[in-house]
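Encoded as structure tokens, the structure appears first; notes follow it.
The values are calculated or read from the model by the stated rules, or taken from the named source; none is laboratory data. Here the structure is a predicted model, which is why all the values come from computation and not from measurement. Every residue, glycine among them, receives a Cβ derived from its backbone with ideal geometry; neighbour counts consider all protein chains shown. For accessibility, only protein heavy atoms count, side chains too; no ligands or nucleic acids. Shrake-Rupley method; radii C 1.70, N 1.55, O 1.52, S 1.80 Å.
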Amino acid sequence: MSYVKVLVLDTTLRDGEQTPGVSLTVEQKVMIAEALDSLGVDIIEAGTAVASEGDFKAIKAIAEKGLKAEICSFARIRKEDIDAAADANADSIFMVAPSSDYHIQAKFPGKGKEYVIEKSIEAIEYAKERGLVVEFGAEDASRGDLDFVIALLKAGESAKADRLTFADTVGVLTPENASEIISRLKKELKAPIAIHCHDDFGLATANTVFAVKSGANEFHATINGIGERAGNASLEEVCMVLEFLYGIEVGINKEKLYPISKLVEKFTRIVVPPNKPIVGENAFTHESGIHTSALLKDARTYEPISPEVVGRRRFLVLGKHAGRASVEAILKELGYSATKEQMDEILARIKELGDLGKRVTDADVRTIIETVLQIKSEKKVKLEDLAILTGKNTTPMASVKLRINGEERIEAAIGVGPVDAAINAIRKAIKDYADIKLVSYHVDAITGGTDALVDVVVQLKRGNKIVTARGARADIVMASVEAFVEGLNMLV
Ligand code: MN
């Protein structure tokens with residue numbers, strides 16, 4: 001059989017927000033919805049209108065944005081749930097009825113399956129009267145009796161539900177079962193079928209993919225796979241598996257996957273594990289020396305897809321395993337050559353960062369190379385020692401020992417901060433030799449983190465001559481002093 005493009009229902013704002021500890025503001029939900037819309041998802045399940053004032057307001061605010069996606073509210077088979085969704089101007093509801101004995105007995109004590117079917121029909125008919133698109137789902141269907149699940153969904157279809165969902169509420173489906181069940185549902189029902197999977201056994205992506213492969217017309221997923229307990233199927237994983245491994249077009253803007261992953265991570269404060277496929281920090285990061293040298297020749301050697309496809313870039317982490325080969329390859333790429341001494345210094349600095357437990361990226365290596373290559377072998381001004389004292393109730397103070405033209409100078413100075421104090425001490429030490437002015441001072445952290453490599457660029461002036469020098473260290477004071485001393489060497 002052939003079907004039109006598979007529909008994507010994103011439930012980051014509903015099932016995802018039910019992640020323990022997550023609570024989003026209306027403004028954050030609107031921003032995520034806008035990002036989901038530009039990602040190209042078909043349906044945004046924006047919350048549960050009846051659940052709280054905040055959810056109601058968020059659904060309403062998102063509905064007012066006039067996005068391309070259908071805006072959906074979660075609902076139970078209850079009039080007040082349907083009314084709240086309609087009053088919030090949702091386009092549709094994802095309305096679930098219990099379908100396993102566990103759920104039926106917990107939610108409708110003393111009532112039976114017939115009662116659930118009756119209530120479902122009533123609710124669907126009422127929702128249609130209120131002008132809502134109805135996606136009707138069998139909750140906990142994977143632990144229910146499949147014949148009853150089919151009877152329930154058939155009743156939904158006869159009540160004019162627009163789509164029907166099989167929910168693996170506690171994540172116990174297997175890929176084989178998913179295939180078998182969806183094939184059967186496709187035979188028995190005419191309405192489009194959706195699959196909703198949870199990741200309790202780590203099978204949410206596989207189950208979702210097998211369901212789609214077997215004819216499911218729609219799948220539910222969340223960004224970063226957040227959701228109750230172990231979470232829902234990851235939208236980014238399902239989309240990439242379907243498109244790249246099965247050739248099934250999902251039609252989303254893949255290059256927006258990483259930015260939206262970061263946005264959701266920031267707002268929910270649920271940190272994406274570094275080894276998470278597609279969006280994890282390490283997903284396109286390479287460390288070992290052999291891998292990196294092959295990668296520099298052809299990235300396909302150790303990457304199934306290019307990072308750019310999902311809006312990312314590649315990181316080469318050289319760290320402690322930094323090989324001469326990797327550094328030589330980067331040098332060649334930059335068009336530089338290094339002497340043996342410079343090469344040793346580059347490797348020593350990379351190792352120093354690596355020993356601090358810091359991941360050294362290719363950007364760090366570039367900065368280190370450029371810094372080392374500008375250092376003149378013959379130095380007139382050499383920093384022998386530096387000590388800093390700073391604190392909450394202490395005026396920052398620095399003492400330096402410089403060797404200038406072979407002569408030792410020791411000076412101390414205070415400053416507004418440790419960097420200022422260190423630079424003042426150096427200025428004092430050299431003032432008999434040259435009058436140097438600091439024209440500009442600029443700091444960049446190459447990668448995030450307080451232990452990141454810091455790149456300091458200074459412009460120094462002596463008379464009419466202006467030079468630019470840089471220092472790169474994990475320590476901001478050392479980086480600043482190094483940049484300053486390098487500049488001095490260019491001027492004196
Ligand atoms: Mn769920």
Among the residues of the range 26-42, are any within 16 Å of the ligand (Cβ to nearest atom) and not aromatic (Phe, Trp, Tyr)?
no
Could you check the range 191-211 and list, in sequence order, the residues that are among the small types (Gly, Ala, Ser) and at negative phi?
Ala191, Ala194, Ala204, Ala206, Ala211
Kindly check whether there is at least one residue in the range 10-17 that is within 16 Å of the ligand (Cβ to nearest atom) and assigned to a helix (DSSP H, G or I).
yes
Among the residues of the range 248-265, the number that are open to solvent by 50 Å² or more (accessible area, probe 1.4 Å) and either within 16 Å of Val8 (Cα to Cα) or in contact with a strand residue (DSSP E or B) (Cβ under 9 Å, 6 or more places away or on another chain) (or both) is 3
How many residues are within 18 Å of Gln18 (Cβ to Cβ) and open to solvent by 30 Å² or more (accessible area, probe 1.4 Å) if we restrict to the range 219-245?
3
Among the residues of the range 136-154, is any open to solvent by 10 Å² or more (accessible area, probe 1.4 Å) and touching a Gly at 6+ places or on another chain (Cβ under 9 Å)?
yes
Exactly one condition in (1) open to solvent by 10 Å² or more (accessible area, probe 1.4 Å); (2) away from the ligand (no atom under 16 Å from the Cβ) is not met by Val170; state its number.
(2)
Residue check: is Val6 within 21 Å of Asp162 (Cα to Cα), of a type in the set (Val, Ile, Thr), open to solvent by less than 20 Å² (accessible area, probe 1.4 Å) and within 16 Å of the ligand (Cβ to nearest atom)?
no
For the range 87-116, name all the residues that are surrounded by fewer than 20 Cβ atoms within 10 Å (Cβ to Cβ) and not in a loop (DSSP other than H, G, I, E, B).
Asp87, Asp101, Tyr102, Gln105, Ala106, Lys107, Lys113, Glu114, Tyr115
Options Glu237, Glu249; residue that is modelled with pLDDT under 95 and more than 16 Å from the ligand (Cβ to nearest atom):
Glu249
Touching a helix residue (DSSP H, G or I) at 6+ places or on another chain (Cβ under 8 Å) and of a type in the set (Lys, Arg): which single residue out of Arg184, Arg163 fits that description?
Arg184
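Among the residues of the range 468-480, is there at least one that is farther than 27 Å from Asp355 by Cβ and surrounded by fewer than 20 Cβ atoms within 10 Å (Cβ to Cβ)? First the steps, then the outcome.
As a first pass, look at the range 468-480 and keep what is farther than 27 Å from Asp355 by Cβ: 468.
Of the ones still in play, those that are also surrounded by fewer than 20 Cβ atoms within 10 Å (Cβ to Cβ) are 468.
Yes, there is a match, as at least one residue in the range 468-480 is farther than 27 Å from Asp355 by Cβ and surrounded by fewer than 20 Cβ atoms within 10 Å (Cβ to Cβ).
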Six or more apart or on different chains, Cβ atoms under 6 Å: show the pairs whose first residue is in the range 196-218 and open to solvent by 10 Å² or more (accessible area, probe 1.4 Å) and whose second is away from the ligand (no atom under 16 Å from the Cβ) and of a type in the set (A, V, I, L, M).
Ser214/Ile182; Asn217/Ile193
Take the conditions among the aliphatic types (A, V, I, L, M), assigned to a loop (DSSP other than H, G, I, E, B) and open to solvent by less than 50 Å² (accessible area, probe 1.4 Å) and apply them to Ala75. Does it pass?
no
How many residues of the range 381-402 are buried (at least 16 other Cβ atoms within 10 Å of the Cβ) and under 20 Å from Ala434 (Cβ atoms)? The answer is 7
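The rows are residues; the columns are (1) closer than 21 Å to Thr208 by Cβ; (2) outside the structural domain of Val149 (by TED's automatic domain parsing); (3) among the aliphatic types (A, V, I, L, M); (4) at pLDDT below 95.
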| position | (1), (2), (3), (4) |
| --- | --- |
| Thr11 | yes, no, no, no |
| Gln18 | yes, no, no, yes |
| Asp37 | no, no, no, no |
| Gly40 | yes, no, no, no |
| Ala61 | no, no, yes, no |
| Ala75 | no, no, yes, no |
| Ile93 | no, no, yes, no |
Give the residues of the range 178-206 that are over 23 Å from Tyr258 (Cα atoms) and touching a strand residue (DSSP E or B) at 6+ places or on another chain (Cβ under 8 Å), sorted by residue number.
Ala178, Ile181, Ile182, Leu185, Lys186, Leu189, Ala191, Pro192, Ile193, Ala194, Ile195
Selection from the range 453-467 of residues under 30 Å from Phe315 (Cβ atoms), buried (at least 20 other Cβ atoms within 10 Å of the Cβ) and out of contact with any Ser or Thr (no Cβ under 6 Å at 6 or more places or on another chain) yields Leu453, Val454, Val458
Residue hits (the range 18-29; open to solvent by less than 20 Å² (accessible area, probe 1.4 Å) and either in a helix (DSSP H, G or I) or among the small types (Gly, Ala, Ser) (or both)) are Lys29
